[in-house]
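The values are calculated or read from the model by the stated rules, or taken from the named source; none is laboratory data. All of these numbers come straight from a predicted model, not from anything done at the bench. Cβ placement follows ideal geometry from the backbone for every residue including glycine, while neighbour counts extend to all protein chains displayed. Just the protein is used for accessible areas: all its heavy atoms, side chains included, with ligands, DNA and RNA removed. Shrake-Rupley method; radii C 1.70, N 1.55, O 1.52, S 1.80 Å.
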Amino acid sequence: MRTSELLAPTLRETPAEAEIVSHQLLLRAGFIRKAAAGIYTYLPLGRRVLAKLEGIIREEMDRAGGQELVLPIIQPAELWQESGRWEVYGEEMFRLRDRHQRQFCLGPTHEEIITALVRSEVNSYKQLPLLLYQIQNKYRDERRPRFGLLRGREFIMKDLYSFDRDQEGLNQSYAKMYQAYTNVFRRCGLNFRPVQADTGAIGGNYSHEFMALASTGEAVLVYCRECDYAANVEIAAARALPKPVAETPQSIKEVATPGQKTVAEVSAFLGITPDRLIKTVFYEADGQLIAVLVRGDRELNEVKLQNFLGCRRLSLADPEKVAAATGASVGYVGPVGLEGVPIYADAEIPYLVNAVAGANRNGYHLTGVNPGRDFRADTYADLRQVEAGEPCPQCGSPLNQARGIEVGQIFQLGTKYSQALGATYTDEQGREHPIVMGCYGIGVSRTMAAIVEQHHDEHGIIWPLSVAPYEVVIVPASLKDEAQREIADSLYKELIAAGVEVVYDDRDERAGMKFVEADLIGYPLRLTVGKKTVAQGTVDVKWRHEGREIALPRENLVSRVKEMLGREMEKYR
Ligand code: 9G3
């Protein structure tokens with residue numbers, strides 16, 4: 001490809017809305033352009049990276065026994081009504097009507113569509129297991145699309161669905177996908193970790209997320225350096241229980257705390273540490289008001305709370321309802337004397353002695369509060385967010401914390417969708433059983449951005465060779481020099497003939513600008529044809545990910561370049 005013919009419009013300045021480096025560089029280097037909030041055009045260079053990514057994904061899905069198909073984006077509402085999810089999802093689902101006013105949605109995922117397909121095409125154990133996948137656009141009307149391709153409203157996903165006769169079969173399909181995902185993300189050059197994850201509203205009882213480690217990631221994970229424990233903090237288990245406090249219970253006392261509402265304010269005002277305070281938070285769970293208690297120095301984990309309650313909708317209670325139930329406003333509420341509201345307490349609460357809690361009277365707190373004596377929680381459970389340094393629930397070593405970009409997630413769904421939609425098979429004895437399912441997603445467009453988050457420097461993108469838009473760029477120092485042009489032209493032709501993906505920057509521009517653009521776009525290998533080439537017959541060769549440049553003889557340069565590319569690609573096998 002000649003740069004003079006390539007549509008790769010680079011930008012000197014970064015559009016203000018681009019907050020993170022992957023968004024900034026994919027815009028500046030001419031890979032994507034915004035069409036609307038969370039909706040992007042992939043320019044030719046962007047499309048070539050996606051094609052490389054999809055190629056790796058197809059190879060690994062096919063290697064694991066996957067069969068590719070293409071499902072419709074427009075989905076009939078009836079199937080979502082059968083699964084009971086048409087009502088579950090609100091504004092996040094793009095909904096539309098056809099000319100006959102029939103309801104449809106733009107597919108945010110495809111469990112319903114593919115289960116309906118299998119329901120009508122699969123009826124015998126002989127047809128199982130089945131692994132069906134597609135690489136298709138998905139649509140989710142995110143409240144706040146941001147960070148470019150990391151959180152879009154139209155995005156590209158590889159979604160695979162497994163169909164087995166029983167749990168054992170599903171375990172095997174899940175293990176195959178776990179390995180396939182590990183291969184995909186390794187071959188993309190990503191530094192990633194599989195972590196135990198929450199299944200959320202999708203249902204199912206077992207899930208792993210694949211996290212590309214990045215400080216710009218929206219997800220938080222904890223992991224152990226001693227054993228292989230790693231989990232999204234949403235479900236990371238808090239096993240460590242506090243050491244009993246050797247204090248004699250004092251009598252409860254109401255103290256004035258005018259204008260002191262937050263944990264920090266109250267603990268400073270009363271001269272105590274936040275771990276001696278009982279934080280009381282009111283929620284509405286499927287419309288029912290509940291009180292939840294955690295220690296003042298801890299964060300409540302809403303995913304753990306929702307999973308524990310098994311409720312569909314969970315939201316912070318509005319202050320009026322809190323005031324109606326307690327007679328006080330947030331900051332002064334507490335469990336003592338609280339009637340008619342179920343109390344859920346984190347497992348650490350019973351270990352508190354002479355704690356401080358809101359008095360359910362504005363301007364006042366209670367000291368000498370002893371759980372069990374002064375109030376009784378209905379249930380105690382692990383409801384808090386684990387922090388770095390806490391003991392690993394598997395081996396007890398201190399946990400580490402990191403941020404990550406969720407580039408993939410795999411789920412054991414079980415029979416939730418097969419039972420709802422009636423997808424069954426008959427066994428050898430003719431008995432009918434619901435098909436046991438799994439689903440497995442990779443955010444293809446998101447992965448492209450995650451790679452840039454991990455592979456860039458102050459000059460631009462540094463594409464791993466396995467996903468680079470082109471492998472080599474030829475930069476002639478000056479095309480006004482006829483000799484340089486002849487050498488660059490012939491080198492270009494020979495590299496093409498040798499099957500190398502090469503870009504030839506044949507524009508009538510200064511060499512300096514061409515170097516800057518080549519570094520911004522991030523072509524892995526740069527070949528510079530200059531005066532020295534004419535004089536000494538050498539070409540300067542430089543890897544984008546290395547500083548040093550070496551001069552190699554022109555005469556067998558093509559085979560040397562092939563060798564170098566082959567060796568470099570070994571890293572991504
Ligand atoms: C919806 C909307 C948003 C959604 C879903 C449904 C996320 C939804 C979870 C999944 C699970 C897996 C197959 C590939 C891998 C992920 N957001 N999920 O089901 F209606 Cl609006 O998509 N699906």
Return the residues of the range 149-164 that are crowded, with 24+ Cβ neighbours inside 10 Å and touching a Ser or Thr at 6+ places or on another chain (Cβ under 6 Å); say none if nothing qualifies. Leu149, Ser162
Candidates Glu59, Glu112, Glu87, filtered to the one that is in contact with a helix residue (DSSP H, G or I) (Cβ under 9 Å, 6 or more places away or on another chain), within 16 Å of the ligand (Cβ to nearest atom) and in a helix (DSSP H, G or I): Glu112
Give the residue that is nearest to Glu320 (Cα to Cα), with candidates limited to residues of the range 330-362 that are part of a helix (DSSP H, G or I) and open to solvent by 10 Å² or more (accessible area, probe 1.4 Å). Pro350
Condition broken by Pro524, with the remaining ones in (1) surrounded by 18 or more Cβ atoms within 10 Å (Cβ to Cβ); (2) closer than 21 Å to Gln484 by Cβ satisfied: (2)
Can you name the residue in the range 283-295 that is touching a residue at least 40 places away in the same chain (Cβ under 8 Å) and open to solvent by 10 Å² or more (accessible area, probe 1.4 Å) and, of all such residues, is nearest to Val386 (Cα to Cα)? Arg295
Screening Gly512, Gly499 for residues that are at pLDDT 95 or above and over 19 Å from His459 (Cβ atoms) leaves only Gly499
Hey, Val534 among the aliphatic types (A, V, I, L, M), at pLDDT 95 or above and closer than 16 Å to Glu486 by Cα or not: no
Only residues that are within 16 Å of the ligand (Cβ to nearest atom) and touching a Cys at 6+ places or on another chain (Cβ under 7 Å): list them for the range 440-462, please. Thr447
Scanning the range 407-433 residue by residue, those within 16 Å of the ligand (Cβ to nearest atom) and assigned to a helix (DSSP H, G or I) turn out to be Lys416, Tyr417, Ser418, Ala420, Leu421
Qualifying residue in the range 350-360 (condition: more than 17 Å from Arg295 (Cβ to Cβ) and of a type outside the set (Asp, Glu)): yes
Residue list for the range 352-390, restricted to those being more than 26 Å from Thr216 (Cβ to Cβ) and either basic (Lys, Arg) or touching a Cys at 6+ places or on another chain (Cβ under 9 Å) (or both): Arg361, Arg373, Arg376
Conditions (1) more than 9 Å from the ligand (Cβ to nearest atom); (2) surrounded by 17 or more Cβ atoms within 10 Å (Cβ to Cβ) -> Trp80 fails only (1)
Scan the range 165-195 for residues that are part of a strand (DSSP E or B) and open to solvent by less than 30 Å² (accessible area, probe 1.4 Å) and jot them down. Val195
Within the range 90-109, of all residues that are within 13 Å of the ligand (Cβ to nearest atom), touching a helix residue (DSSP H, G or I) at 6+ places or on another chain (Cβ under 9 Å) and part of a strand (DSSP E or B), the one most open to solvent (accessible area, probe 1.4 Å) is Arg95
Filter the range 28-55 down to residues that are assigned to a helix (DSSP H, G or I) and open to solvent by less than 10 Å² (accessible area, probe 1.4 Å), then give me how many there are. 5
Residue selected from the range 196-220 under the condition of a type in the set (A, V, I, L, M, F, W, C) and either over 11 Å from the mean Cα position of the chain (by Cα) or in a loop (DSSP other than H, G, I, E, B) (or both), by the criterion farthest from Arg58 (Cα to Cα): Ala201
Whichever residue in the range 115-133 is touching a Leu at 6+ places or on another chain (Cβ under 7 Å) and more than 16 Å from the ligand (Cβ to nearest atom) and, among such residues, is least open to solvent (accessible area, probe 1.4 Å): Val122
Counting only residues that are within 16 Å of the chain's Cα centre (by Cα), among the charged types (D, E, K, R) and within 11 Å of the ligand (Cβ to nearest atom), the range 137-189 contains a total of 6
Failed item in (1) assigned to a loop (DSSP other than H, G, I, E, B); (2) of a type in the set (Gly, Ala, Ser); (3) in contact with a His (Cβ under 9 Å, 6 or more places away or on another chain), with Ala449 passing the rest: (1)
I need the full set of residues from the range 306-322 which are closer than 14 Å to Glu284 by Cβ and surrounded by fewer than 18 Cβ atoms within 10 Å (Cβ to Cβ), in order please. Cys311, Arg312, Arg313, Leu314, Ser315, Leu316, Asp318, Pro319, Glu320, Lys321
Starting from residues that are over 30 Å from Ala197 (Cβ atoms) and of a type in the set (Ser, Thr, Tyr), keep the ones in the range 261-282 and report whichever is surrounded by the most Cβ atoms within 10 Å (Cβ to Cβ). Ser267
